[in-house]
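Student: Okay, here's the structure, questions in a sec.
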Amino acid sequence: MKVYTDISDFKDVNNPVVTTGTFDGVHFGHQQILNRLRSVADKTGGETVLLTFHPHPRLVLFPDDEGLKLLSTREEKIKLLEKAGLDHLIIYPFSRKFSRLSATEYVRDLLVNDIGVHSLVIGYDHQFGRNREGDFNHLTELAEVFGFNVEEIPAQELDEVKVSSTKVRGALLAGEVSKAAAYLGHNYKVSGIVVKGKQLGREIGFPTANISVQDRYKLIPGNGVYAVIVRVQKQEYRGMMNIGVRPTVGGMLKPTMEVNIFNFNDDIYGNFCGVEFVKRLRDEVKFESVEELKSQLELDKIQALNAF
């Protein structure tokens, strides 16, 4: 897959078959659109193209809105789309100026002149242009004017998948990582840098690595204990993670992410660490004593190993 952050680099592509959107999480609904894109490209001798935007439009249009939580960082999205078999990914810089383009300007200047669209494939509720003034009817008129094909995936076909980014976010915030994985077609992942904590876990035989997520808009699953797969130093390990405020050992004002990596004792402070959520084990609980917590952690480890 070729990735473009400058639209002028996009050239010499055969019959671009294009779709557009944020594709946050690249869930099953998105994959349905990408499959149709590939089908059209195979019939027309074309190459598949996704036009997406960075930063996320809401971050530009509503900069004071702290409520946005994203399922994938830009780097994670690139990996997921490459795995999905996309040929070309255009990451277009979203700005206020760009948001003011009319629907006609958007199609003429970007899709036709810059990309050279041969066929456009969109979901049934797609809207575009200034104030979201453009819709499928507008597109069919513009397609006739500028000489490209346009195909709308029917509502029934997408509704059968019953997946949206909103549903995935809801499942994750509730800690339902297995449900989220079913929607996504893959386990949800979070990554960050290992930072120093209070090292209380080491004192009770369950040393943990504290993960600091660098992207402030990345969605963190709801508080609880999870069976996880950990990737660090180019190796993969099994483990269990607690997300929460550690109520048994003094408590925290903000939730932390602490992972106990099974059969692992290396010093990894400052290392990049990826965590893949496999199964939720239980809620975060305040125990009467540290010994009671330790006993529960031993049970959690057994459950986590069974989850794999």
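Student: Say whether the condition of being crowded, with 19+ Cβ neighbours inside 10 Å, touching a Gly at 6+ places or on another chain (Cβ under 8 Å), at pLDDT 90 or above and among the basic types (Lys, Arg) is met by at least one residue in segment 221-234.
Tutor: no
Student: Tell me yes or no: at least one residue of segment 202-210 is of a type in the set (Lys, Arg), assigned to a helix (DSSP H, G or I) and modelled with pLDDT of 90 or more.
Tutor: No: zero hits.
Student: I need the full set of residues from segment 25-68 which are small (Gly, Ala, Ser) and not in a helix (DSSP H, G or I), in order please.
Tutor: If we filter segment 25-68 for residues that are small (Gly, Ala, Ser), which is where we start, we get 25, 29, 39, 41, 45-46, 67.
Within segment 25-68, Gly25, Gly45, Gly46, Gly67 meet the criteria.
Student: Which of the residues belonging to segment 1-23 are among the aromatic types (Phe, Trp, Tyr) and either on the phi < 0 side of the Ramachandran plot or not in a loop (DSSP other than H, G, I, E, B) (or both)? Please lay out each step first, then the result.
Tutor: So the first thing to find is which residues in segment 1-23 are among the aromatic types (Phe, Trp, Tyr), and the list is 4, 10, 23.
Scanning segment 1-23 gives Tyr4, Phe10.
Student: Pick from segment 182-201 the residues that are assigned to a strand (DSSP E or B) and aliphatic (A, V, I, L, M): which of them is modelled with the lowest pLDDT?
Tutor: The extreme case among them is Val195.
Student: Kindly provide the set of residues from segment 1-18 that are over 12 Å from Ala84 (Cβ atoms) and either of a type in the set (Gly, Ala, Ser) or touching a Leu at 6+ places or on another chain (Cβ under 6 Å) (or both), ordered by number. Working first, answer last.
Tutor: Let us first name the residues in segment 1-18 that are over 12 Å from Ala84 (Cβ atoms), namely 2-18.
The answer is Val3, Ser8, Val17, Val18.
Let's see how each residue does on (1) touching a helix residue (DSSP H, G or I) at 6+ places or on another chain (Cβ under 8 Å); (2) among the polar types (S, T, N, Q); (3) more than 25 Å from Gly134 (Cα to Cα):
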site: Phe10; (1), (2), (3): yes, no, no
site: Asn15; (1), (2), (3): yes, yes, no
site: Val18; (1), (2), (3): yes, no, no
site: Asp42; (1), (2), (3): no, no, yes
site: Arg58; (1), (2), (3): no, no, no
site: Phe62; (1), (2), (3): no, no, no
site: Gly67; (1), (2), (3): no, no, yes
site: Lys83; (1), (2), (3): no, no, yes
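Listed here are the residues, each with its yes/no results for (1) modelled with pLDDT under 90; (2) within 20 Å of Ala171 (Cα to Cα).
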position	(1), (2)
Met252	yes, no
Pro255	yes, yes
Asp266	yes, no
Asn271	no, no
Val275	no, yes
Leu281	no, yes
Val285	yes, no
Gln296	yes, no
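Student: Tally up the residues in segment 175-186 that are within 12 Å of the chain's Cα centre (by Cα) and either closer than 20 Å to Gly244 by Cβ or not assigned by TED's automatic domain parsing to the domain that holds Gly244 (or both), please.
Tutor: Number of matching residues: 1.
The values are calculated or read from the model by the stated rules, or taken from the named source; none is laboratory data. The model shown is predicted, which means the values in this text are computed figures rather than measured ones. Positions of Cβ are generated from backbone atoms using ideal geometry, with glycine treated the same way; all protein chains shown enter the neighbour counts.
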